[in-house]
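Please treat every number below as a calculation from the coordinates, not as lab data. Fair warning: this is a prediction, and the values are worked out from it, not measured in the lab.
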């Protein structure tokens, strides 16, 4: 949840990270593959192991010497996972938390970003300054008082506890404000002259232009809320409100050596984001360039 | 402007920004102040809070367990930060060229970024399992001695740092890639014309241009490193023999296992002070030195 904008100017939407091709470069680049192939293999091996192990028969896992490729593939691990755990419930909970987080971020942060960028009202400078100042506060400092606060209003052990911290963020407000500042003011002046209300202008004229920034914000929110572990770990002890990350972490403690089962749970928790990354890679890269997300 | 109109504009402005502002400030500044008050108390969440002045801070300075946790955190920071900066720089240079398959390499190297700490934890325990894990198996095939990895107090933190690198290399790489593309090609070409070889033109022309970015990723990764918690939780839970107990892990234990809310808040403030000092110190230093400023 701690965020710091990168010193680079904001990058909105798809950006081609490849350089312009240099005609002279093309000839002598073969040896880069000698570096990149082993690196890519090392980065890919954990994924390959994850998928293969989730499909390996139990009898072949804890054996010596171990083998990389199983002699046959089976879905036993998945069958056991769905039978012995509430993985469907956890997935449903996480989908709900992430959906609320993304929608709320898109609505509230674009409203606030637009307000701070374009509207004149007393206290706007102080308000924005306070928001930016909170970037320096580490989340660890907030854990105890937030827990006590949530306990007092009865949020602890409910799914709402996992949602509330993701309703809006400094990063979101900052990102949207930067984007709206970059739009020419004439756009909305014309709309206001035509008698359009402030909100009408924002909703019908400005927001449709903000799609690249909204995509960045949605990816950031999805990734952070889907993968969050620390806060659910603190706030949720009730198995009915477990998120996917919390569920598989507890499962790992309970079923230490049941590897096909554990890896199947890993695949379920990771595959949606992997698929999404492969499809929307350029937007992901733009999001990463804009900020450090993890942590 | 009429007073009525001014009031209406003020209300409109706050109408836009108030929801997100209230959420962000209510979940940061308010609990941060509360945490400070808590740090001056002895409280377990149920009893009547007892004011103890600065006793928690005095205890913190003399706490041998906390000192050990600081040591482990520094070890991790020393392993992770330079490695992640160098790896990101190296990968960015390698990926910053138009060669066949570069898209595949990039996808494979960036993919771990979307994997959660929970999933990475399960993968780590499997890959580095001393009996049938892949890593020891590779060592065995190569005729090298078997290692204890996560079960060896000397090696557990190294394993955690390696897996953090796997998960976060994408971040530093993406930042460096974006920065590399901002460097005008004429600069390196001029150096080459002047007789510099590739290596010289990289270290004497390209690398100094990247200095502000290096400062940024250095600070960013350091802050991430000193806040390490979730990968420890999902792999070793602080073991073996407490060798991977980091400051935040210790903070989490004192708050939510030992229910020492006051003491945990004091530790959190200590961490906050260190984070702030590092950020300010490095920023001032880099502004003064010739490498240029952060922004």
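Brief remarks follow.
- Temperature 37 °C, viscosity 0.692 mPa s: under these conditions the Stokes-Einstein estimate for segment A:38-290, based on its Kirkwood radius over C-alpha pairs, is 156 µm² per second.
- The base-10 log of I(q)/I(0) for segment B:32-130, evaluated at q = 0.24 Å⁻¹, reads -1.24 [Debye formula, identical scatterers on Cα atoms, solvent excluded].
- For segment B:189-211 and segment B:219-263, distance of Cα centres in Å: 42 Å
- Residue-averaged 222 nm ellipticity for chain A, from DSSP H runs of 4+ at -39500 (n - 2.57), nearest 500: -19000 deg cm²/dmol
- Viscosity 1.306 mPa s, 10 °C: Kirkwood-radius Stokes-Einstein D of segment A:64-119 over Cα pairs, µm²/s: 102 µm²/s
- More than 19 Å apart - percent of Cα-Cα pairs taken over segment A:114-173: 46 percent
- Take every pair of alpha-carbon atoms less than 8 Å apart whose residues are at least six positions apart; their mean separation over the length of chain B yields a relative contact order of 28 percent.
- Alpha-carbon centroid distance for the pair segment A:90-141 / segment B:127-178, whole angstrom: 37 Å
- Coarse-grained scattering of segment B:54-288 at q = 0.07, 0.14, 0.17 Å⁻¹, given as base-10 log I(q)/I(0) from a Debye sum over alpha-carbon atoms: -0.30, -1.01, -1.25
- Coordinate range along principal axes, alpha carbons of segment A:90-140, Å, largest first: 44, 28, 11
- Rg over Rh for segment A:36-92 works out to 1.08, using Cα positions for both radii and the Kirkwood form for Rh.
- Per the Debye formula on identical point scatterers at the alpha carbon atoms of the protein assembly as shown, with no solvent, log10 I(q)/I(0) at q = 0.07, 0.09, 0.11 Å⁻¹ is -0.46, -0.77, -1.14.
- Over segment B:13-77, the Kirkwood radius and the radius of gyration, each from Cα atoms, give a ratio Rg/Rh of 1.19.
- Based on the convex hull around the alpha carbon atoms, segment B:124-212 presents an average projected area of 8.7 nm².
- Kirkwood estimate for segment B:132-272, i.e. one over the average of 1/r between Cα atoms, Å: 18.8 Å
- Remark on segment B:80-154: hydrodynamic radius 15.0 angstrom, per the Kirkwood mean of 1/r across alpha carbon pairs.
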